[in-house]
Amino acid sequence: MNPLELKEKILELKTSRKAIIVAHNYQLPEIQDIADFIGDSLELSRKAAQVEAEVIVFCGVHFMAETAAILAPEKIVLLPDLQAGCPMANMITPEELKEWKKQLPGRPVVCYINTTAAVKAEADICCTSSNAVEVVNSLEAEEILFVPDKNLGSYVQRYTSKKIISWDGFCYVHHHFSVGEVNEARRRWPEAQIWVHPESPPEVVEAADLVLSTGKMVKEARLTDKKEIVIGTEEGILYRLKKENPEKNFYPLKSGSLCFNMKKITLIKVYQALQSMEPKIVVPTIIRERALRSIEKMISI
Ligand code: 13P
Ligand code: SF4
């Protein structure tokens with residue numbers, strides 16, 4: 001089947017299955033092109049809670065599909081490749097979190113959405129990169145346990161008087177950005193603004209002009225009068241930024257900044273998932289109910 005036929009078959013199956021295809025901003029261009037909705041982690045979880053479709057084909061990584069399954073248990077959630085996990089989400093287990101809470105009792109746990117459902121079930125409230133500061137500042141406690149991203153934890157610390165105690169996790173894509181690369185980008189594109197994701201190390205955040213979640217990058221790209229922007233996040237987002245803003249120039253902070261797990265979702269796997277209605281993501285009720293509390297608390301903010 002050539003790509004055009006594959007796309008047609010996917011669209012046919014999508015209609016007959018009453019399905020919706022949602023995709024994260026880092027997905028491959030051909031996946032973004034067939035998606036009904038593209039967004040960041042917060043936008044995708046809100047969408048999953050609202051859609052009327054019977055099936056959600058989630059083009060992203062495992063924790064995102066799990067979040068959709070937690071928010072919409074009556075729907076079938078398909079993740080076209082079960083191996084598409086987030087290495088950062090796997091840097092903390094529920095057992096490790098339980099042990100950490102015992103060592104540092106009396107402090108609420110804020111968990112980044114990039115965690116497994118079982119870890120969310122052990123947390124008090126969830127957050128994403130676009131609302132982490134608001135979530136932390138909504139809490140009364142003066143000391144907060146933050147899991148798993150130490151870089152997002154450091155970013156939040158800049159905007160709160162509370163003490164953030166972070167787990168030692170990180171995203172391998174963003175953690176490897178450096179101040180040297182920011183300086184090099186300024187030399188190469190002197191007119192450009194430099195935007196980075198808050199999963200980047202603190203010194204890179206300090207050196208950048210703006211720090212934004214992927215959803216906020218998409219919005220700011222439409223609003224800004226800057227014509228040149230250097231993007232410090234996973235390169236997949238450049239496709240959307242360029243497509244939606246053809247009059248502006250976007251450059252990657254570092255070429256080849258790819259999340260290989262995001263790229264595991266391909267057109268053929270989307271087709272196969274819709275055809276076989278597998279692999280389904282199901283979260284056991286006992287975990288789902290507790291994880292839902294953490295996510296709903298976040299959504300209510
Ligand atoms: P956002 O799209 O929520 O900014 O998250 C980035 C990310 O790394 C998702 O895995
Ligand atoms: Fe996880 Fe980083 Fe990939 Fe996002 S980009 S899924 S945080 S490894």
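The values are calculated or read from the model by the stated rules, or taken from the named source; none is laboratory data. All figures in this text were calculated on a predicted structure; none of them were measured in a lab. Positions of Cβ are generated from backbone atoms using ideal geometry, with glycine treated the same way; all protein chains shown enter the neighbour counts. Surface areas here come from the heavy atoms of the whole protein model, side chains and all, with no ligands, DNA or RNA. Shrake-Rupley method; radii C 1.70, N 1.55, O 1.52, S 1.80 Å.
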Report the label-to-label distance for E203 and T160 in nanometres (one decimal), using points 7 Å from each Cα along the Cα→Cβ vector. 2.5
In whole percent, how big is the carbon plus sulfur part of the accessible area of the chain, probe 1.4 Å, protein atoms only? 51
Near P246, within a Cβ-to-Cβ distance under 13 Å, what is the net charge of the other residues, with Lys and Arg +1 and Asp and Glu -1? +4
Run through the range 9-80 and list the GluC sites (Glu not before Pro) located in a DSSP loop whose Cβ has at most 13 other Cβ atoms within 10 Å. E52, E54, E74
Estimated dipole of the chain in Debye, rounded to 20 [Cβ of Lys and Arg +1, of Asp and Glu -1, Cα centre]: 160
Taking the Cβ of K150 as the center, what net charge do the other residues with Cβ under 12 Å away carry, scoring Lys and Arg +1 and Asp and Glu -1? -3
For the range 1-145, with only Lys/Arg (+1) and Asp/Glu (-1) charged at the beta-carbon, what is the dipole magnitude about the Cα centre, in debye rounded to 20? 240
Where the centre of each part is set by its Cα atoms, how far does the range 261-295 sit from the range 208-228, in angstrom? 30
Mean Cα-pair separation over length for the range 227-301, i.e. relative contact order, pairs under 8 Å, 6 or more apart, %: 25
For N137 and E12, compute 0.36 nm times the residue count separating them, minus their Cα-Cα distance, and round to one decimal in nm. 40.4 nm
Contour excess over end-to-end distance, with Cα ends at K242 and T224 and 0.36 nm allotted per residue: 5.1 nm
By the Cα gyration tensor axes a ≥ b ≥ c (a/c under 1.5 gives rounded; else a/b larger than b/c gives prolate, otherwise oblate), the shape of the range 240-301 is oblate
Which length gain, in nm to one decimal place, applies between D33 and E191 when the Cα-Cα distance is subtracted from 0.36 nm times their residue separation? 53.8 nm
Expressed in nanometres to one decimal, the distance between label points 7 Å along Cα→Cβ at L258 and I301 is 3.5
Taking the Cα centre of the range 123-189 as origin, sum charge times position over the Cβ atoms of Lys and Arg (+1) and Asp and Glu (-1), and report the length of that vector in debye to the nearest 20. 440
As a test of the formula, what do you get for the chain when each DSSP H run with n ≥ 4 contributes -39,500 (n - 2.57) and the sum is divided by the residue count, at 222 nm and rounded to the nearest 500 deg cm²/dmol? -12000 deg cm²/dmol
Normalised convex hull volume, the chain, alpha-carbon set, Å³ per residue: 127
Could you tell me the center-to-center distance, by alpha carbons, between the range 34-52 and the range 143-165 in angstrom? 27
Between I70, P87, Q103, whose Cα lies farthest towards the positive end of the dipole of the range 69-135 when Lys and Arg beta carbons carry +1 and Asp and Glu beta carbons carry -1, centred on the Cα centre? Q103
Local net charge near G256, Cβ-Cβ under 11 Å (Lys/Arg +1, Asp/Glu -1): -1
Along the positive direction of the dipole of the chain (beta-carbon charges: Lys, Arg +1; Asp, Glu -1; about the Cα centre), which of Q272, N25, T15 reaches farthest? T15
